[in-house]
1. Determine if region 164-174 includes at least one residue that is among the aromatic types (F, W, Y), within 24 Å of the chain's Cα centre (by Cα), in the same structural domain as Q274 (by TED's automatic domain parsing) and surrounded by fewer than 19 Cβ atoms within 10 Å (Cβ to Cβ).
2. Between a first residue in region 128-154 that is touching a residue at least 24 places away in the same chain (Cβ under 8 Å) and acidic (D, E) and a second residue that is surrounded by fewer than 19 Cβ atoms within 10 Å (Cβ to Cβ) and outside any loop (DSSP other than H, G, I, E, B), which pairs have beta carbons less than 9 Å apart while being 6 or more apart in sequence or on different chains?
3. Hey, can you tell me all the residues within region 216-240 that are surrounded by 24 or more Cβ atoms within 10 Å (Cβ to Cβ) and without any contact (Cβ under 8 Å) to a residue 60 or more places away in the chain?
4. Among the numbered criteria (1) within 22 Å of the chain's Cα centre (by Cα); (2) hydrophobic (A, V, I, L, M, F, W, C); (3) not in a loop (DSSP other than H, G, I, E, B), which one does L395 miss?
5. Out of all the residues in region 125-141, is one or more away from the ligand (no atom under 16 Å from the Cβ), assigned by TED's automatic domain parsing to the domain that holds M232, of a type outside the set (D, E) and within 30 Å of P325 (Cβ to Cβ)?
6. If you check V171, V202, V224, V215, which single one turns out to be within 22 Å of A269 (Cβ to Cβ) and either away from the ligand (no atom under 16 Å from the Cβ) or of a type in the set (G, A, S) (or both)?
7. Test each condition in (1) within 16 Å of the ligand (Cβ to nearest atom); (2) at pLDDT below 95; (3) more than 21 Å from the chain's Cα centre (by Cα) for K150 and report the one that comes out false.
8. Which of (1) away from the ligand (no atom under 16 Å from the Cβ); (2) hydrophobic (A, V, I, L, M, F, W, C); (3) within 17 Å of I155 (Cβ to Cβ) does I302 not meet, given it meets every other one?
Amino acid sequence: MRLKKLEKRNLDTTNRKGSMTLSERDQKHLWHPLTQHKLHSKHLAVTAAKGVWLYDEEGNSYIDGIASWYTCMYGHCNEYITQKITAQLFKLDQVVFSGFTHEPAVKMSEKLMAILPVNQQKIFFSDNGSTSVDIAVKMALQYHFNQGEKRLKIIALEHAFHGDTFGAMSVSGLSVYNGPFEDFLLNVDRIAVPNQDNFEAVKRKFTSFVSSGEVAAFIFEPLVQGAAAMKMYDAKLLDELIGIAKQHHVLAIADEVMTGFGKTGKYFASDYLQNLPDIMCLSKSLTGGVVPMALTTCTQKIYDAFLADDIGKGFFHGHTYSANPLGCTAVSAGIDLLVSDEIQQNIQRISKQHQLFEAKIKQHPKVKATRQLGVIVALDLAIEMDRYGALRDQLFSFFMENGVCLRPLGNTIYILPPFVISDVDLQKIYSTIEKALSLL
Ligand SMILES: Cc1ncc(COP(=O)(O)O)c(C=O)c1O
């Protein structure tokens, strides 16, 4: 394979003063996420970012084709969000959210309610996608517990990814992420991701699980399983499963940590459903990628099940930085941008460009399958590759050498760019992928 012969970018060059580079200094004390440091010890030092561009310490630039794990959807260092946060920083930085409230939280709740599915009424704060899922699972379990029902099981989809805390690991498909902790995980029944071929069998299995009376909740990434390599499935099939769950008082939890805020072409992937989720998990582009924050939202009915004279029926979960005013301000600013004509038109434009690219690339002999929804487009190569194998690493290096930041998931190459990407930069991503395919 000719990719192997390509010269690798030297990511750890010394800077002009002759002192150690950031990449070298990094190696002394820092432990990176999802990394086997024996195999991958060097990390590219990014010193600045603007719009769709990342800049490294050598002055190289890269188009951020995955919006930094789907967070910076309005572009890096977005001026509107930055100005709002800066103003807030001089007013109120942080205050305990237990017993106190503040304008950024209230304002954010009002803006969010205007775009969430209509049945969502209450908002609970945390700091990242995983905690939003843990909270959703705990909420569902205690919802039944508070009503005197012992429902000890959760249903999840195979190959799901919901995060790395224990509740989130429990409902994720088994992998290198959660394998070592298998003995400590919650009680989860798994069903295959539904498709036209397996649906009757999936429905049978699902119905038998939910009719046992033991299941508290059904959790899913609606329409797109991000970490499973942007695998997409039909809203109608999911809708039917949620409908069955509801008949058996099983709560539906939509993990929209990845899909939320416009990526699927609608505000939320759940907007494609008739049967709305009871609980939703939101994070990543919630704050436009500026500060970490997550939300778990739920219906009035769920909230009401925690109201009682008995203090023990309350939801005793809390994080120190809950509703941090800077985070709330970023959420409000992000929503202002999301609902703007400019961003909505961009979403349509990117989606159309992706469709043209998909129609072309699916003919390529090295491409086995393609899929697209909103600003997400993915292609599977007709080549077997380990998720963290050498060939995948070579592809990643090739993209970086060509000024495009894409992180293949095994043999899947996907693009999920910031909404502000221009057609020219999109074409650059597409042509770089085509160039990579010609070298395979
Ligand atoms: C659908 C989904 N849920 C949860 C998470 C976990 O989010 P975080 O990494 O912020 O903990 C992710 C992360 O990729 C995700 O894609």
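1. First, pick out the residues of region 164-174 that are among the aromatic types (F, W, Y): 166.
Still in the list and also within 24 Å of the chain's Cα centre (by Cα): 166.
Subset that is in the same structural domain as Q274 (by TED's automatic domain parsing): 166.
From what's left, surrounded by fewer than 19 Cβ atoms within 10 Å (Cβ to Cβ): 166.
Checked region 164-174: at least one residue is among the aromatic types (F, W, Y), within 24 Å of the chain's Cα centre (by Cα), in the same structural domain as Q274 (by TED's automatic domain parsing) and surrounded by fewer than 19 Cβ atoms within 10 Å (Cβ to Cβ).
2. What qualifies is D134/F166.
3. P222, L238, listed by residue number.
4. Going through (1) within 22 Å of the chain's Cα centre (by Cα); (2) hydrophobic (A, V, I, L, M, F, W, C); (3) not in a loop (DSSP other than H, G, I, E, B) one by one, L395 breaks only (1).
5. Residues of region 125-141 that are away from the ligand (no atom under 16 Å from the Cβ), as a first pass: 141.
Retained after the next criterion (residues that are assigned by TED's automatic domain parsing to the domain that holds M232): 141.
Remaining after also requiring of a type outside the set (D, E): 141.
Of the ones still in play, those that are also within 30 Å of P325 (Cβ to Cβ) are none.
So far as region 125-141 goes, no, none of its residues is away from the ligand (no atom under 16 Å from the Cβ), assigned by TED's automatic domain parsing to the domain that holds M232, of a type outside the set (D, E) and within 30 Å of P325 (Cβ to Cβ).
6. Working: V171 fails: either away from the ligand (no atom under 16 Å from the Cβ) or of a type in the set (G, A, S) (or both); V224 fails: either away from the ligand (no atom under 16 Å from the Cβ) or of a type in the set (G, A, S) (or both); V215 fails: within 22 Å of A269 (Cβ to Cβ).
Answer to the selection: V202.
7. So the condition that K150 fails would be (1).
8. Just one mismatch for I302, condition (3).
The values are calculated or read from the model by the stated rules, or taken from the named source; none is laboratory data. Since we're looking at a predicted model, the values are computed, not measured. With ideal geometry, Cβ positions are generated from the backbone for all residues, glycine too; neighbour counts draw on all protein chains shown.
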